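First the structure, in the form of structure tokens, and then the observations on it.
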Amino acid sequence: MSIRHYLKQLAGESAIYGVSGVIGRCVGIFLIPIYTRIFTPADYGVISLLGVFGSLAGMMAVLALDNSSARWFYDTEQAEDRRVTISSWFWTQLSVGGVIAVVSCALAPQISRLLTDSEEYENLVRLVAIGIPLATGGKVLGNWLRYQRRATSAVIFTIGQTLGNVGLIIFLVVFLRYGLTGLYTAHLATAMVILMISVTILKEWISPSVFSWPRLRSMLRYALPLIPAAAGLWVMASMDRVMLKRFTAISEVGLYSIAALVASGIDLLTAAFTQAWGPFAYSILKQPDAGRVYSRVLDLYSFLGCVACAALSLFAPLILRILTTEAFYPAASTVAFLAFASLLYGGRFIASLGCGIEKKSVPAAVSVAIGAAVNFALNLLLIPYVGRNGAALASMLGWGISAAYLFRASQRYHPIPYRWLTPLSSLGLAFGLIGLDRWLITGHGVAANVGRGALLLSFIPLGATLGLLRWRDIRSVVNSVRRQQAFTTNTP
């Protein structure tokens with residue numbers, strides 16, 4: 001099969017996964033104007049800090065078995081052996097999550113005080129804790145569908161979960177005005193329903209009779225280096241909120257969270273890609289053109305990702321003015337760093353491929369440790385002086401250094417013929433355009449935004465030069481637009 005065929009196949013699966021991301025992001029955008037009129041920046045700070053706790057507890061419950069299960073699932077075509085992998089993962093995560101929930105509920109006042117300097121939110125801590133084991137169902141079912149490359153089913157499941165959760169949030173927060181308690185009650189109720197659905201669908205795959213201690217030990221040995229890596233990932237993704245709270249006001253954490261929410265628009269690209277990438281990359285491993293396909297994927301990911309990051313960064317002030325109230329406008333200055341941080345985080349999935357092919361998990365752990373150390377040090381250095389922007393810059397540089405190390409380590413184990421000029425050129429142009437915007441364009445009116453759009457068009461000649469965009473395709477699009485304009489003009 002040709003490289004173009006493989007790229008179309010990956011693009012097709014990514015597009016399917018992207019549907020759920022688009023819907024989820026649209027729902028999130030729909031909620032921003034509602035939330036920012038109900039919750040204050042300080043409330044957003046509380047939500048963010050509770051999210052830090054929830055993500056840490058959830059990471060500890062998973063024990064990196066989601067990574068192990070992906071690798072063991074593809075070691076065989078036998079359904080019975082695959083059931084052993086899924087069942088061993090499910091019951092382990094459910095049990096560990098239950099223990100964490102019990103301990104967290106008992107220590108809820110202390111956790112609330114540690115996070116927010118107040119015991120006022122201890123009941124919210126308990127709601128978050130109870131949801132930790134319940135999240136097992138959705139986690140396992142979603143991955144099980146992806147492992148079988150049932151992209152459409154995985155997307156339907158994700159969309160249903162998202163819409164159900166949002167419906168409950170609107171009912172409890174908007175209509176009943178239960179505030180933060182309503183928000184976390186909705187999350188908990190959704191997790192309970194999803195767990196019941198997952199157990200029904202996976203009943204043959206998670207039967208206790210196929211649970212295997214030997215398989216679990218093997219998976220844990222593979223996952224063991226990834227557990228510190230997961231802790232490092234948590235540090236890189238969450239410690240900035242904790243340190244912002246330490247050095248600034250909780251409202252700064254709220255503004256940072258809004259900026260992160262806007263920047264997460266990049267997840268429309270990265271989340272869809274990363275869900276499709278692992279199963280796709282391993283499935284073509286033995287094909288003769290696999291190396292060239294992997295290289296082309298990096299080209300396209302970096303180019304399209306930098307276009308998206310630049311666009312989101314240039315138009316962040318406009319987006320915030322449309323979606324939020326004036327109290328949240330200052331978050332615009334933080335969006336650019338967080339957008340590129342999301343892109344670089346997604347790039348780690350490509351960077352780790354060589355290590356994954358050779359079943360080497362230690363470099364991933366080391367890369368995260370390096371990135372976490374850089375992130376932590378820069379947070380200490382920058383936050384006291386530049387606040388949330390310093391935290392965002394630390395996050396971007398941490399993910400960038402982590403990805404660079406992982407690329408280097410993977411190339412030693414399994415060399416892939418990447419073309420490094422493409423990602424470097426794309427990053428350079430994106431940063432240059434954002435710098436020009438800050439220097440040359442002032443204001444937020446129509447003329448300013450037209451100027452920003454003109455800057456963004458600079459990516460077209462770069463893409464053509466790198467062979468990622470073909471001039472005949474660009475001319476075809478331009479001619480189509482002109483024909484449509486002419487038709488519209490001549491239509492009575």
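Observations, loosely collected:
- Residue in segment 195-207 that is within 23 Å of the chain's Cα centre (by Cα), at pLDDT 90 or above, open to solvent by less than 50 Å² (accessible area, probe 1.4 Å) and farther than 30 Å from Phe247 by Cα present: yes
- Criterion (over 18 Å from the mean Cα position of the chain (by Cα) and modelled with pLDDT under 90) met by exactly one of Val368, Val362: Val362
- When segment 130-160 is limited to residues that are aliphatic (A, V, I, L, M) and open to solvent by less than 20 Å² (accessible area, probe 1.4 Å), the one that is farthest from Tyr282 (Cα to Cα) turns out to be Ile132.
- Each residue in segment 166-186 was checked for being open to solvent by 70 Å² or more (accessible area, probe 1.4 Å) and part of a helix (DSSP H, G or I), and 3 of them qualify.
- In segment 430-445, residue nearest to Ala316 (Cα to Cα) [restricted to those that are in contact with a helix residue (DSSP H, G or I) (Cβ under 8 Å, 6 or more places away or on another chain) and outside any helix (DSSP H, G or I)]: His444
- Conditions (1) free of Cβ contacts under 8 Å to residues at least 60 places away in the same chain; (2) crowded, with 18+ Cβ neighbours inside 10 Å: number failed by Leu127: (1)
- Lone qualifier among Leu31, Leu49 - being modelled with pLDDT under 90 and either open to solvent by less than 20 Å² (accessible area, probe 1.4 Å) or in contact with a Lys or Arg (Cβ under 7 Å, 6 or more places away or on another chain) (or both): Leu31
- Considering Ala331, Ala365, Ala327, Ala391, the condition of being within 21 Å of Ala64 (Cα to Cα) and touching a residue at least 60 places away in the same chain (Cβ under 8 Å) is satisfied by Ala365 alone.
- Within segment 403-429, being in a helix (DSSP H, G or I) and of a type outside the set (A, V, I, L, M) holds for Tyr405, Phe407, Arg408, Ser410, Gln411, Arg412, Tyr413, Thr422, Pro423, Ser425, Ser426, Gly428.
The values are calculated or read from the model by the stated rules, or taken from the named source; none is laboratory data. Given the structure is predicted, the values throughout are model-derived calculations rather than measurements. Virtual Cβ from ideal backbone geometry, glycine too; neighbours counted across all protein chains shown. Note: accessible area is taken over every heavy atom of the protein model, side chains too, but ligands, DNA and RNA are not part of it. Shrake-Rupley method; radii C 1.70, N 1.55, O 1.52, S 1.80 Å.
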